[in-house]
Amino acid sequence: MATNVLKKSPTFYDHFERWRPTQNETTHYCPGCGHGNVHKLIAEALGDLGLADRGIFVSPVGCSVFAYYYFDTGNIQAAHGRAPAVGTGLKRVHPHSIVMTYQGDGDLASIGGLEILHAANRGENMTVFFINNAIYGMTGGQMAATTLIGQKTTTSPYGRTIENEGYPLRMSELLATLEAPVLVERCHLADAKGIMACRKAVRKAIQNQAEGKGFSFVEILSPCPTGWKMTSLEAEKFIKEKMMPVFPVQVFRDESATREGHFREPKNLSDQEMWEALDLGLFGETHPLDKEFLENFKTTHLKFAGFGGQGVLTAGVILAAAGMQENLHVSWIPSYGPEMRGGTANASVVLSKDPIGSPLVVDPDVLVAMNDPSLDSFENSVVKGGLIIVNSSIISRKVRRKDVVALYIPLTDIAAEHGITAAANMVLLGAYLEYSKLLPVDSIKEIIPIGIKRKQLVEANLRVVDAGVEWIRKSLSDGKHKVIVPPSRETESTPTVFPEVGK
């Protein structure tokens, strides 16, 4: 019997080489820390229940972030507080795995408060181990959501007060009000009896998941002698005398014996169903491969910027979709404020014959500025020799730089003349493609009928695309309204002549 008690669980690695190639017999935890005890209880349970091979340990930020040093299971690291969300994804894809999130109070009760609440409310068939030591241990002992009233931390140096920081959050009590969890229990590590109670709770929580009974939550009051600046014995006393009156040890919910098991099996979609679900193939077959076009295509980074309602994001989408139809690699990333209309918005678009490393456009080759703030914000980011298209209907000032090409087009006025002011973005696409020859104009005219949601406006949008094309053709051939601007990179030997509106 003594051999069995002292034997390290096979769920642990024999040597913790991920921690240190040498000195790999010990963990990185501080003396007296409770993580070692909890790790042992989990490892033993997984081993005894024969579930280690199905185990996936999710470790977010905290002292236990390096749990993968020790557990010979699947291991995933998650962003701070997001372990329940990551665990949900894992469990939905692998319903017969044993997903365990292991979270401290700063992670679970503070930063990830909503993630755990919703995972519990959904009754995700997973197991959550909540290590409550009433502070952020890893980052130096800041106040956490479970910090006690009067407890001094680095961010509550005079002690937590109800008036200033509110009451400690009792997560077990909170989650026990939900209908979905099958097990909600709090235990402690302050003595051998408490540890044995935790051992029982840990096993039940894992067994529940193996049987498909749903969400199990085990809160463990754990010592942090270093963060609390106490000896190990003082830390155990602190749990009993200070923490347990606030966080009573008890079983808040246990339906393990009566809950029916159920596994949410993932839906296997056929290739066709997957295509339809993701709207892939929306634009039909791509155009026949034009090798000469692709070989000569130069990667182009574009920034479409304006305010909400001007269609800068839509313009980017349509151009990217058109590029995709021409067998290019494309990317599109929007950025916009919280306002429904009138806020700032911009889209980064990249078209390339090669795979795109980053979709974010920081230094655009082409900037489309639909309003003054956009020109002010992005003018200096355009590469030397790049192109700036200015919506001169709205922007009164001229481009200040002398090393870029500026093209002033009254986009909004042109759209208004055709009775659809909101389609200035389509005027833009027609004008830009006619000017740059980046893609055939017809390519975006194929996309517009599919990409625009309000189908009654398709014809009007196509007309203003043509209007943009005609404006470029007419303006470039009209010697009456011209200004000389610096040459572009493509035409360094020949200064380019551009029209300027209103002269």
- request: Go through the range 236-287 residue by residue and tally those that are among the aliphatic types (A, V, I, L, M) and at pLDDT below 90.
  value: 6
- line: Restricted to the range 206-248 and to residues being under 14 Å from ASN133 (Cα atoms) and of a type in the set (Lys, Arg), the residue surrounded by the fewest Cβ atoms within 10 Å (Cβ to Cβ) is LYS229
- line: Sole miss for SER335 among (1) out of contact with any helix residue (DSSP H, G or I) (no Cβ under 6 Å at 6 or more places or on another chain); (2) modelled with pLDDT of 95 or more is condition (2)
- request: Output the residues belonging to the range 29-55 that are under 19 Å from HIS94 (Cβ atoms) and open to solvent by 40 Å² or more (accessible area, probe 1.4 Å).
  value: LEU49, GLY50, ASP53, ARG54
query: So which residues in the range 56-82 are crowded, with 22+ Cβ neighbours inside 10 Å and of a type outside the set (A, V, I, L, M, F, W, C), if there are any at all?
result: SER59, PRO60, GLY62, SER64, TYR70, THR73, GLY81
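Considering only residues that are of a type outside the set (S, T, N, Q) and open to solvent by less than 50 Å² (accessible area, probe 1.4 Å), which ones fall in the range 322-336?
Selection gives ALA322, GLY323, GLU326, LEU328, VAL330, PRO334.
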task: Could you please find all residues in the range 28-38 being without any contact (Cβ under 8 Å) to a residue 60 or more places away in the chain and under 19 Å from PHE129 (Cα atoms)?
output: TYR29, GLY36
- request: Find the residue count for the range 253-282, including only residues that are open to solvent by 50 Å² or more (accessible area, probe 1.4 Å) and either touching a residue at least 12 places away in the same chain (Cβ under 8 Å) or in contact with a helix residue (DSSP H, G or I) (Cβ under 7 Å, 6 or more places away or on another chain) (or both).
  value: 11
query: So which residues in the range 434-451 are out of contact with any Asp or Glu (no Cβ under 8 Å at 6 or more places or on another chain), open to solvent by less than 50 Å² (accessible area, probe 1.4 Å) and touching a residue at least 60 places away in the same chain (Cβ under 8 Å), if there are any at all?
result: SER436, LEU438, ILE444, ILE447, ILE448, GLY451
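Being out of contact with any strand residue (DSSP E or B) (no Cβ under 9 Å at 6 or more places or on another chain), under 19 Å from SER348 (Cα atoms) and part of a helix (DSSP H, G or I) narrows it down to one residue among LEU457, LEU433; which is it?
Details: LEU457 fails: under 19 Å from SER348 (Cα atoms).
Sole residue among the options that is out of contact with any strand residue (DSSP E or B) (no Cβ under 9 Å at 6 or more places or on another chain), under 19 Å from SER348 (Cα atoms) and part of a helix (DSSP H, G or I): LEU433.
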task: Please tell me if PHE57 is among the aromatic types (Phe, Trp, Tyr) and assigned to a loop (DSSP other than H, G, I, E, B).
output: no
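Pick from THR314, THR286: which is surrounded by 20 or more Cβ atoms within 10 Å (Cβ to Cβ) and polar (S, T, N, Q)? It would help to see each step written out before you state the result.
Working: THR286 fails: surrounded by 20 or more Cβ atoms within 10 Å (Cβ to Cβ).
On inspection, the qualifying residue turns out to be THR314.
Within the range 127-154, restricting attention to residues that are assigned to a loop (DSSP other than H, G, I, E, B) and polar (S, T, N, Q), which residue is surrounded by the most Cβ atoms within 10 Å (Cβ to Cβ)? Write out each step before concluding.
Our first condition is that a residue be assigned to a loop (DSSP other than H, G, I, E, B); within the range 127-154, this holds for 133-134, 137-141, 144-152, 154.
Now narrow it down to the ones that are polar (S, T, N, Q): 133, 139, 146-147, 151, 154.
Details: ASN133: 30, THR139: 13, THR146: 26, THR147: 27, GLN151: 20, THR154: 13.
The residue in question is ASN133.
Quick check, is GLU124 open to solvent by less than 10 Å² (accessible area, probe 1.4 Å), among the charged types (D, E, K, R) and within 22 Å of the chain's Cα centre (by Cα)?
Values: open to solvent by less than 10 Å² (accessible area, probe 1.4 Å): yes; among the charged types (D, E, K, R): yes; within 22 Å of the chain's Cα centre (by Cα): yes.
Taking the combined requirement at face value, the residue satisfies it.
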- request: Under 6 Å between Cβ atoms, at least 6 apart or on separate chains: pull out the pairs that start in the range 155-180 with a residue that is farther than 13 Å from PHE215 by Cβ and outside any loop (DSSP other than H, G, I, E, B) and end on any residue that is open to solvent by 20 Å² or more (accessible area, probe 1.4 Å) and not acidic (Asp, Glu).
  value: SER156/MET143
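Got a sec? Which of ILE394, ILE420 is over 19 Å from ARG473 (Cα atoms) and open to solvent by less than 30 Å² (accessible area, probe 1.4 Å)? Full working, then the answer.
Details: ILE394 fails: open to solvent by less than 30 Å² (accessible area, probe 1.4 Å).
Among ILE394, ILE420, only ILE420 is over 19 Å from ARG473 (Cα atoms) and open to solvent by less than 30 Å² (accessible area, probe 1.4 Å).
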Answer residue from the range 298-307, given it is in contact (Cβ under 8 Å) with a residue 24 or more places away in the chain and open to solvent by 20 Å² or more (accessible area, probe 1.4 Å) and is farthest from VAL362 (Cα to Cα) among those: PHE307
statement: Restricting attention to the range 88-117, the residues that are under 20 Å from the mean Cα position of the chain (by Cα) and in a strand (DSSP E or B) number exactly 2
- request: Please find, among GLY81, GLY159, the residue that is of a type in the set (Gly, Ala, Ser) and over 22 Å from the mean Cα position of the chain (by Cα).
  value: GLY159
task: Among the residues of the range 88-97, write down those that are under 18 Å from ALA45 (Cα atoms) and open to solvent by less than 50 Å² (accessible area, probe 1.4 Å).
output: SER97
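Going residue by residue through the range 8-15, is there one that turns out to be part of a loop (DSSP other than H, G, I, E, B) and open to solvent by less than 30 Å² (accessible area, probe 1.4 Å)? Step through it out loud before you land on a result.
Within the range 8-15, the subset part of a loop (DSSP other than H, G, I, E, B) is 8-11, 13-15.
Checking which are open to solvent by less than 30 Å² (accessible area, probe 1.4 Å) leaves us with 9, 11.
For the range 8-15, residues part of a loop (DSSP other than H, G, I, E, B) and open to solvent by less than 30 Å² (accessible area, probe 1.4 Å): present.
Which residues, taken from the range 398-415, are assigned to a helix (DSSP H, G or I) and open to solvent by less than 50 Å² (accessible area, probe 1.4 Å)? Before the answer, list the steps.
Initial filter on the range 398-415 (assigned to a helix (DSSP H, G or I)): 411-415.
Answer for the range 398-415, where residues must be assigned to a helix (DSSP H, G or I) and open to solvent by less than 50 Å² (accessible area, probe 1.4 Å): LEU411, THR412, ILE414, ALA415.
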- line: Only unsatisfied item for CYS30, checking (1) within 22 Å of the chain's Cα centre (by Cα); (2) not aromatic (Phe, Trp, Tyr); (3) not in a strand (DSSP E or B), is (1)
message: Can you confirm whether ALA85 is in a helix (DSSP H, G or I), in contact (Cβ under 8 Å) with a residue 40 or more places away in the chain, open to solvent by less than 70 Å² (accessible area, probe 1.4 Å) and closer than 28 Å to LYS213 by Cα?
response: no
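The values are calculated or read from the model by the stated rules, or taken from the named source; none is laboratory data. Computed from a predicted structure; not experimentally measured. Please note: Cβ atoms are built from the backbone with ideal geometry, for glycine as well, and neighbour counts cover all protein chains shown. Surface accessibility is based on the protein's heavy atoms, side chains included, excluding ligands, DNA and RNA. Shrake-Rupley method; radii C 1.70, N 1.55, O 1.52, S 1.80 Å.
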